[in-house]
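To start, the structure itself, in structure tokens.
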Amino acid sequence: MSGVQASFGNDAINGARLAVAEINADGGILEHPLKLIVRDTRSRADETGEVVRQLLDDDKVVALIGEIATDRSLIAAPLAQEKGVPMITPGSTNENVTATGDQIFRICYTDSFQAGVMAEFARSINVEKAAILYDPSDPYSAGLAEKFKADFVSNGGQIVAEEFYQKGDRDFSTQLDAIKGQNPEIVFLPSYYNEAALIIRQARETGIDMPVLGTDGWDSPEFLKVGGEAVNNCYFSSHFSPDGQTGKSFVAAYTAKYGTPPPPLAALTYDAVKITADGLRRAGVAESIPLRDALAVTKDFAGVTGPISFDQDRNPTKPGIVIRLQDGKFTYLETVDAKVTEAPVAEEGTNDPPAEAVPENAAKQPQ
Ligand code: PHE
């Protein structure tokens, strides 16, 4: 809730508080009120271990909801796994988070999926030459860059420039000049909102006026504040839009409580709390292991971000949303069905993707 990505935690907490208020107004769970304990990682991977230890050992939580950013979830997950406490991340999209073990679930789609959505989107606007700019030291940014590249190239696209930055950089002119020199038709920028907005502003000053494509890490009101006019003509993958197809009554309740429509992380975290409550009810006891077993068989849970069923890797198969930046605002562009790029749910025998998509998907399974 503080530090460089404070916006993620604050949105998440608002969603969690609304969910807890509704659950408790409804009589709680197993005849007890649900208690929400909130601790702040301050957006720091190096402080996350201690925060998680306090939640597990001092607070003795039954379930852990969080973290949001991948790098912190990668620290939290092994601790929760070791303790046998289910961890439900609302927003960490990197494959390795849930791959940590059978206690770790996520409410969002994965990075393979969102990289595929944006590669597909680039092709849909006839892009053949793309540049990539990313932070190789950040698992979220690096994972997405790699997956986008594989997808885009396997579909006949060409990566004409690959440039790097480091967390905390403020001047991107060297990388942007190099990108400009290669004349790409889009730039793929998988990063978090603060850096993304700054990079795009400098790109526009350098004369890079083509669309910049990004991912869910852009999703914050801060992106618009810092980016201003410069971020028009950009697109990114998101999890939820108040103008999308799901969660209408949630949007109304959230707007009534907080005076603004819910950002995606509020919606994802609301779903994380509600799914945990549902799991506890089905477990019939407020204990971690029965809760984990109940969560693992979650089927068609009616989330505000869409129906949620966990696959055997504890990832939901969900549609994605593409957001367009227009007139200094996030505008809902389209919903991309999960089956376009996600691995087919073969056992179910339904919604099989076209045959040619199968080998490509097979190559995109968690490493
Ligand atoms: N997907 C991002 C990560 O894994 C976190 C995020 C989720 C950011 C949703 C914004 C919205 O780090």
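The values are calculated or read from the model by the stated rules, or taken from the named source; none is laboratory data. Owing to the predicted nature of the structure, the values given are computational and were not obtained by experimental measurement. Note: ideal-geometry Cβ built from the backbone for every residue, glycine included; neighbour counts use all protein chains shown. In case anyone asks, the SASA skips ligands and DNA or RNA and just uses the protein heavy atoms, side chains included. Shrake-Rupley method; radii C 1.70, N 1.55, O 1.52, S 1.80 Å.
Only a single item in (1) outside any strand (DSSP E or B); (2) open to solvent by 10 Å² or more (accessible area, probe 1.4 Å) is not met by ALA119, and it is number (2). Scanning segment 1-48 for residues that are more than 22 Å from PHE250 (Cα to Cα) and among the hydroxyl-bearing types (Ser, Thr, Tyr) returns SER2, THR41, SER43, THR48. Residues that are touching a helix residue (DSSP H, G or I) at 6+ places or on another chain (Cβ under 6 Å) and touching a residue at least 40 places away in the same chain (Cβ under 8 Å): does segment 158-172 have at least one? So far as segment 158-172 goes, no, none of its residues is touching a helix residue (DSSP H, G or I) at 6+ places or on another chain (Cβ under 6 Å) and touching a residue at least 40 places away in the same chain (Cβ under 8 Å). Among the numbered conditions (1) open to solvent by 10 Å² or more (accessible area, probe 1.4 Å); (2) assigned to a helix (DSSP H, G or I); (3) without any contact (Cβ under 8 Å) to a residue 40 or more places away in the chain, the only one that ASN96 does not meet is (3).
Is it the case that PHE240 is within 21 Å of the chain's Cα centre (by Cα), within 20 Å of GLU67 (Cβ to Cβ) and among the hydrophobic types (A, V, I, L, M, F, W, C)? Show your work before the answer.
Numbers: within 21 Å of the chain's Cα centre (by Cα): yes; within 20 Å of GLU67 (Cβ to Cβ): yes; among the hydrophobic types (A, V, I, L, M, F, W, C): yes.
Considered against the rule, which asks whether it is within 21 Å of the chain's Cα centre (by Cα), within 20 Å of GLU67 (Cβ to Cβ) and among the hydrophobic types (A, V, I, L, M, F, W, C), PHE240 comes out as yes.
Whenever a residue of segment 263-274 is open to solvent by 10 Å² or more (accessible area, probe 1.4 Å), its partners that are of a type in the set (Asp, Glu), lying with C-beta atoms within less than 6 angstrom and at least six residues away or across chains, give the pairs PRO263/ASP11; PRO264/ASP219; LEU265/ASP11. In this structure, is ILE88 open to solvent by 30 Å² or more (accessible area, probe 1.4 Å), of a type outside the set (Asp, Glu) and within 16 Å of the ligand (Cβ to nearest atom)? For ILE88, the condition - open to solvent by 30 Å² or more (accessible area, probe 1.4 Å), of a type outside the set (Asp, Glu) and within 16 Å of the ligand (Cβ to nearest atom) - is not met.
Close Cβ contacts (under 6 Å, 6 or more residues apart or on different chains) running from residues in segment 117-140 that are under 24 Å from GLU95 (Cα atoms) and among the β-branched types (Val, Ile, Thr) to residues that are within 13 Å of the ligand (Cβ to nearest atom) and open to solvent by less than 60 Å² (accessible area, probe 1.4 Å) comprise VAL117/SER237; VAL117/GLY320.
Of the strands (runs of 3 or more DSSP E) contained entirely in segment 262-337, those carrying at least 3 residues that are within 16 Å of the ligand (Cβ to nearest atom) and modelled with pLDDT of 95 or more fall at 320-326. The number of residues in segment 220-239 that are touching a residue at least 60 places away in the same chain (Cβ under 8 Å), closer than 11 Å to PHE330 by Cβ and within 12 Å of the ligand (Cβ to nearest atom) comes to 4.
Table: residues versus (1) open to solvent by 20 Å² or more (accessible area, probe 1.4 Å); (2) within 16 Å of the ligand (Cβ to nearest atom).
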site	(1), (2)
ASN10	yes, yes
GLY15	no, yes
ALA19	no, no
ASN24	yes, no
GLY27	yes, no
THR48	no, yes
GLU67	yes, yes
PHE105	no, yes
